[in-house]
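See structure below.
Bear in mind that the values in this text are calculations on the coordinates, not laboratory data. Values in this document were obtained by computation on a predicted structure and should not be read as measured data. Virtual Cβ from ideal backbone geometry, glycine too; neighbours counted across all protein chains shown.
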Amino acid sequence: MKNIYTRVFRGTNGLTNLALLALVLLVVLPVSMPIFRLNLVGKYLTYAFVALGLVMLWGKAGVLSLGQGVFFGLGGYCMAMFLKLEASDPVSTKIQSTPGIPDFMDWNQITHLPAFWVPFKSLPFSLLAVVVVPTIVAFIVGLAMFKRRVGGVYFAVITQALALILSLAIDSRQGYTGGRNGITDLKTMWGWDIRTHHAQYILYFVTCIFLLLAILLSQWLLSGKTGKMLLAMRDREDRVRFSGYDVSMFKVATFCFAAALSGLGGALFVLQVGFISPSLVGIVPSIEMVIFCAVGGRTSLYGAIYGTLLVNTGKSLFSETFPQLWLFAMGGLFIAVVVLFPDGLAGVFELVRKKLKPWLEKFRNKPSLPVGIPGTVNGDQP
Amino acid sequence: MSSNTNFLLAIEDLTVQFDGFKAVDSLNLYIEKDELRVIIGPNGAGKTTVLDMICGKTRPTSGSIKFKNRELIGMAEHRIVHQGVGRKFQTPSIYENLTVFENLEVSYPKGHTVMGCVAFKRTAEVIERIHKIAEEISLEDYLEIEGAFLSHGQKQWLEIGMLLMQEPELVMLDEPVAGMSQSERELTAALIQRICKGRCIIVIEHDMDFVARIAHKVTVLHLGKILAEGSMEEVRNNPKVVDVYLGH
Amino acid sequence: MMFAYSPSELWSIFVMQGFAGLSLFSVLLLMALGLAIIFGQMGVVNLAHGEFMALGAYTVYLCSTLVANHAPKLQPYYFVIAIVVAFVVAALVGLFVEWSLIRFLYKRPLDTLLATWGLSLIMQQSFRSIFGAREVTPTLPEWLMGSFKPTPNIDIPINGVFVMGLTLLLAFGVWLFMYRSRIGLHMRATVQNRTMSGAVGINTKWVDRFTFSLGCGIAGVAGAAFTTIGSTGPDSGSRYIVDTFLVVVFGGSASLLGTIASAFGIAQGQSILEFFLEGTAGKVAILLTIVIVLMIRPKGLFPGKVRVA
């Protein structure tokens, strides 16, 4: 029992952070806003999955990927393909030249369902694919790159190229993928209408639960030897290698983990927002997701969630009132986070906590205990 | 050509060339179990390069390195470690952000794969072994201190301790007493002699008194070739060695 | 596909695609030259490189407007001067950026990536706010217009030839500078051994600043050259940044020869593929090929010693 307490929840500190986040996500937000705004928050939370993955990959393992949109998109498209097929049953599509296939295929004079769409008629397959497809792609790319000791900037640029390639590929084949407009007009999942307010509430809570579970899983992984290994690898890769570890496999595993999380986020996005398009797969969204993670503090799991919410809320507020200024602000944010606030929100939080510690001690009358940043290993700084 | 050998480590005809420059030239070196071999020589003689080739960091141009009759050339670095080869680097190479305990724990020879890491448990056996090694390297009282806060000498000992955790059969120490005080050097000499049992050790060093204290056999390298080999006495009195390295 | 054409038509297609490929080659090379200097020499990843190009293009546009409004007689002559101005403007802005931002980030290449992306956003929005969101074109001088036709089937645009000529001139100039001048020597020395260079009296800080500005200046010239073959909008720069990086990385970032070979190979490959597959599919195919090759041979075609792996 105590082991679970320390390893999964990370002791009192971790429990407090978890409780706080759960409170905000599950109580405060749903109560304080109407469903259409909550739905927006739900959308932002799906981005947070990607940011979480980046905390593990970039913050902990030191590998920057500028192409996480690829995995977000793959997961999203898998889910969208299932939903689209369901919405394209022969009865609803009877006005098409070929009923029973998605509308965009019909517009492109395609007369039967392409082979790679067929397995997505099955819900279990699609659900599995949401996580498995990104993992497999990450495995292949990761193995090829990490075994050859490609890292750092080279790796980042190649992931960026992959994001470009996938978004262009989807864009260019409108008949098979829905092209630039993406896959839209999604209605039901196994008969359950996902467009109703009721459904949106449920999907929001499902997203939150999955997110919290993902955090717990990550914490569990980090608390053991794996966490220490990632830290060791980030600081002294050579030493780790000469201690008998195959460093590349660790990087591959972390890359796959981040990919799987992103895929899950993508699927939840499709369910809540009702469509997917190449605009969520390419270079720009991929690098934005990096900034969500960076604002949170790069190595902080909880920070990533708050960072995502903060930046996205800022984005919608800003673009409503000062559309011209938004890009300036975004650009400035990138620079500020790198130059001025490398520890992001987590760093600010830690600063506040340090200032408050003497007050809290007086109040509790307890001796000082070493305190860690939420979500990091042993309170280490990046 | 290489043949079956009784030696724990058999290096034959080892050569490595960088852009036409031969850093190590047709080297032959044989080390037995329980032997403590010290390699000395002027800077640039190729000493560290030999260690680099044994542990897989550098690929030789030709030759053979056999450990326990197994060819090491071409093997991945982490596999070579699994064979039982441990290396301490010239500059202390420990994990600064982990405690001494964690530094040692991470070097425990179980849980090297990803799944192994995830499933790794800090059992009583692990803890006991860590305490034993910590005592061996005089860091028993420092287990909860982060690596970054150790003194230079302590970092060297920690690195040796990390090696010992792996239960290696070949230990390679590159300048283990560089930057240490006299008393620290004595402790290190005693440590190295203790761990020699059941293993073979290669030490690269420049401190001749230290070498004299610990060496069973000394090999002198110069320009990638062996200049002389023998006991410390023999080598010290060898006129070629005196000329090139030890001075008058 | 290929068999629908007669041999002479096929030949003309290849020649024209070849020239189109050469045009693309000069574009890629111009962009890659500046980046190769900054990345290959300094290990700095400048994601705002495309924006420096756009800066050069917009400078030429400004010159064009100024000349049209105040000195219409200079119309036929202004263009070459405008190119020089574009170089200077881009180099100066690059100097400022290095001084205010890049120099703090040399030891952190991944952070430089993110910071320069932020810079590119700021620059893009600046262009949008100053010049508007629609694309603009400077008034090009007469002698750049039109094409010449060696045979009835082959149509070679003059501006394409101009761009190519400029590219070759610039490539030669860069080579001359890097390998035959004192400053170039200092630059190469700093890359290979920074501490020693500092110890022998080379002011490595100024070398860095100069190198970065030079790379940006070349980007400015690239932008100026582009105005002859296309219009300029706020996001023109970002359109080709990934391609440029791939060209540099594919060629083995430390080698000038590698960059040239890589740009040539990629341009021709893309040109031919684009003709036989449809537009974007051709681009996807070539990008995928490059990435796969890079996965097999990560250091590129002509790997050299780079500061950052």
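Just report the Cα centroid separation between segment B:74-128 and segment A:228-278, whole Å.
22
Given R₀ = 22 Å, FRET efficiency for A:LEU360-A:VAL24 by Cβ-Cβ distance, to 0.05?
Values: r = 21 Å, r/R0 = 0.96.
Working from the Cβ atoms, E equals 0.55.
Taking amide hydrogens as modeled 1.01 Å from N in the peptide plane, which residues meet the under 5 Å criterion relative to B:THR58, leaving out close sequence neighbours?
Long-range HN contacts for B:THR58: B:MET53.
For Cα pairs less than 8 Å apart in space and 6+ apart in sequence, what is the mean separation divided by the residue count of segment B:112-248, i.e. the relative contact order in percent?
Relative contact order of segment B:112-248: 15 percent.
Run the simple label-point estimate for C:ARG180 and A:ASP193 please: 7 Å along Cα→C-beta, distance reported in nm.
If labels sit at C:ARG180 and A:ASP193, their model points lie 7.7 nm apart.
Using only Cα atoms, what is the ratio of the radius of gyration of segment A:2-364 to 2.2 N^0.38 Å?
Values: Rg = 21.3 Å, N = 363, 2.2 N^0.38 = 20.7 Å.
Ratio of Cα Rg to 2.2 N^0.38 Å: 1.03.
Taking the Cβ of each residue in A:TYR44, A:TYR245, C:TYR106 as the centre, tally the other Cβ atoms inside 10 Å and list the residues starting with the fewest.
Numbers: A:TYR44 21, A:TYR245 26, C:TYR106 16.
Ordered by Cβ neighbours within 10 Å, fewest first: C:TYR106, A:TYR44, A:TYR245.
Going toward the positive end of the dipole of segment B:9-246, with +1 on Lys and Arg Cβ and -1 on Asp and Glu Cβ, which of B:PRO176, B:SER107, B:THR15 do you reach last?
The listed residue farthest towards the positive side: B:THR15.
Pop out the ³J(HN,Hα) list for segment C:180-197 in order, Karplus 6.51 cos²θ - 1.76 cosθ + 1.60 with θ = phi - 60°, rounded to Hz; leave Gly and Pro as x.
With coefficients 6.51, -1.76 and 1.60, one gets 10, 10, 5, 5, x, 4, 4, 4, 5, 5, 4, 5, 6, 7, 4, 5, 5, 4 Hz.
List the lysines whose Cα lies under 16 Å from the Cα of B:LYS110, skipping any in the same chain that are fewer than 8 positions away.
A:LYS225, A:LYS228, B:LYS121
Name the lysines eligible as straight-distance cross-link partners of C:LYS299: C-alpha to C-alpha under 29 Å, and not fewer than 8 places from it in the same chain.
Straight-line reach from C:LYS299, under 29 Å: A:LYS60, A:LYS147, A:LYS251, B:LYS22, B:LYS57, C:LYS107, C:LYS205, C:LYS283.
Using the Cα centre of segment A:220-376 as the reference point, and only Cβ charges (+1 on K/R, -1 on D/E), how large is the resulting charge dipole? Debye, rounded to the nearest 20. Before the final figure, lay out each step's value.
On the way: 16 positive and 9 negative charges, 160 e Å.
So the dipole magnitude of segment A:220-376 works out to roughly 760 debye.
Report the relative contact order of chain B, percent, no decimals, based on alpha-carbon pairs under 8 angstrom and at least 6 residues apart. Before the final figure, lay out each step's value.
On the way: 449 pairs, mean separation 66.4, N = 248.
Relative contact order of chain B: 27 percent.
Let me spell out the model: positive unit charges on the Cβ of Lys and Arg, negative unit charges on the Cβ of Asp and Glu, origin at the Cα centre of segment A:2-364. What dipole size does that give, in debye rounded to 20?
On the way: 31 positive and 16 negative charges, 293 e Å.
About 1400 debye.
If chain B were replaced by its equivalent ellipsoid, with semi-axes equal to the square roots of 5 times the Cα gyration tensor eigenvalues, what would those be, largest first, whole Å? Working shown, then result.
On the way: eigenvalues 188, 100, 48 Å².
Result for chain B: semi-axes of 31, 22, 15 Å.
Apply the Karplus curve 6.51 cos²θ - 1.76 cosθ + 1.60, θ = phi - 60°, to the phi angles in segment A:77-90 and return the couplings in whole Hz, x for Gly and Pro.
Karplus values, whole Hz, x for Gly and Pro: 5, 4, 5, 5, 5, 4, 5, 5, 5, 5, 6, 10, 5, x.
What aspartates and glutamates sit close enough to A:LYS362 to cross-link, taking a C-alpha to C-alpha distance under 12 Å and skipping anything fewer than 8 places away on the same chain?
Partners within reach: none.
Please work out the Cα convex hull volume for chain C and give it in Å³ per residue. Present the calculation step by step, with values, prior to reporting the outcome.
On the way: hull volume 44.8 nm³, N = 309.
It is 145 Å³ per residue.
Among A:TRP58, A:TYR44, A:GLY314, whose Cα sits farthest toward the positive end of the charge dipole of segment A:2-364 (+1 at Cβ of Lys/Arg, -1 at Cβ of Asp/Glu, about the Cα centre)?
Of the options given, the answer is A:TRP58.
Please arrange B:GLU184, B:GLU102, C:GLU278 by counting, for each residue, the other beta carbons lying within 10 Å of its beta carbon, fewest first.
Numbers: B:GLU184 18, B:GLU102 22, C:GLU278 10.
By the 10 Å Cβ count, ascending, the order reads C:GLU278, B:GLU184, B:GLU102.
Report, to the nearest 10°, how far helix B:124-136 tilts away from the longest principal axis of the Cα atoms in chain B, using its own Cα long axis and a range of 0 to 90°.
50
For a distance above 21 Å, tell me the whole-number percent of Cα pairs in segment B:50-164 that qualify. Before the final figure, lay out the partial values.
Values: 2980 of 6555 pairs.
When every Cα pair of segment B:50-164 is considered, 45 percent fall beyond 21 Å.
Once you have a ≥ b ≥ c as the square roots of the Cα gyration tensor eigenvalues for the protein assembly as shown, tell me rounded if a/c is under 1.5, and otherwise prolate or oblate according to whether a/b is larger than b/c. Walk me through the numbers before you get to the answer.
On the way: a/c = 1.89, a/b = 1.31, b/c = 1.44.
Taking the square roots of the gyration eigenvalues as a ≥ b ≥ c, the protein assembly as shown is oblate.
State to the nearest 20 debye the size of the charge dipole of the protein assembly as shown about its Cα centre, where the only charges are +1 on K and R beta carbons and -1 on D and E beta carbons. Intermediate values should be presented prior to the final figure.
Details: 78 positive and 64 negative charges, 178 e Å.
Result for the protein assembly as shown is approximately 860 debye, rounded to the nearest 20.
With each pseudo-label sitting 7 Å past Cα toward Cβ, what's the B:LYS225-A:LEU128 distance in nm, one decimal?
6.6
Give the Debye-formula value of log10 I(q)/I(0) at each listed q (0.22, 0.26 Å⁻¹), with one equal scatterer per alpha carbon of segment C:58-141, two decimals each.
Taken in order of the listed q values, log10 I(q)/I(0) reads -1.05, -1.22.
Kindly identify segment A:139-292 as rounded, prolate or oblate by the Cα gyration tensor criterion: order the square roots of the eigenvalues as a ≥ b ≥ c, call it rounded if a/c is under 1.5, otherwise compare a/b with b/c, prolate if a/b is larger, else oblate.
Working: a/c = 3.11, a/b = 1.53, b/c = 2.03.
Oblate, because a/c is 1.5 or more while a/b does not exceed b/c.
Can you find, among A:ASN17, C:LEU121, C:THR228, the residue farthest towards the positive end of the dipole of the protein assembly as shown? Put +1 on the C-beta of Lys and Arg, -1 on that of Asp and Glu.
A:ASN17
Give me a single rounded figure for B:77-84: the average over its residues of other chain Cβ atoms within 10 Å of their Cβ. Working shown, then result.
Working: counts 8, 10, 2, 3, 5, 1, 1, 0.
For peptide B:77-84, the averaged partner shielding equals 4.
Give me a comma-separated list of calculated 3J(HN,Hα) values for segment A:114-120, in order, Karplus coefficients 6.51, -1.76, 1.60 applied at θ = phi - 60°, integers in Hz, x for any Gly or Pro.
x, 4, 6, 7, 4, x, 6
How far apart, in nanometres, would the label points at C:ARG188 and C:LEU169 be if each is projected 7 angstrom from Cα along the Cα-to-Cβ direction?
2.5
Restricting things to alpha carbons, tell me how big segment C:1-94 is in terms of Rg and Dmax, in Å.
Radius of gyration, then largest Cα-Cα span, for segment C:1-94: 19.1, 56 Å.
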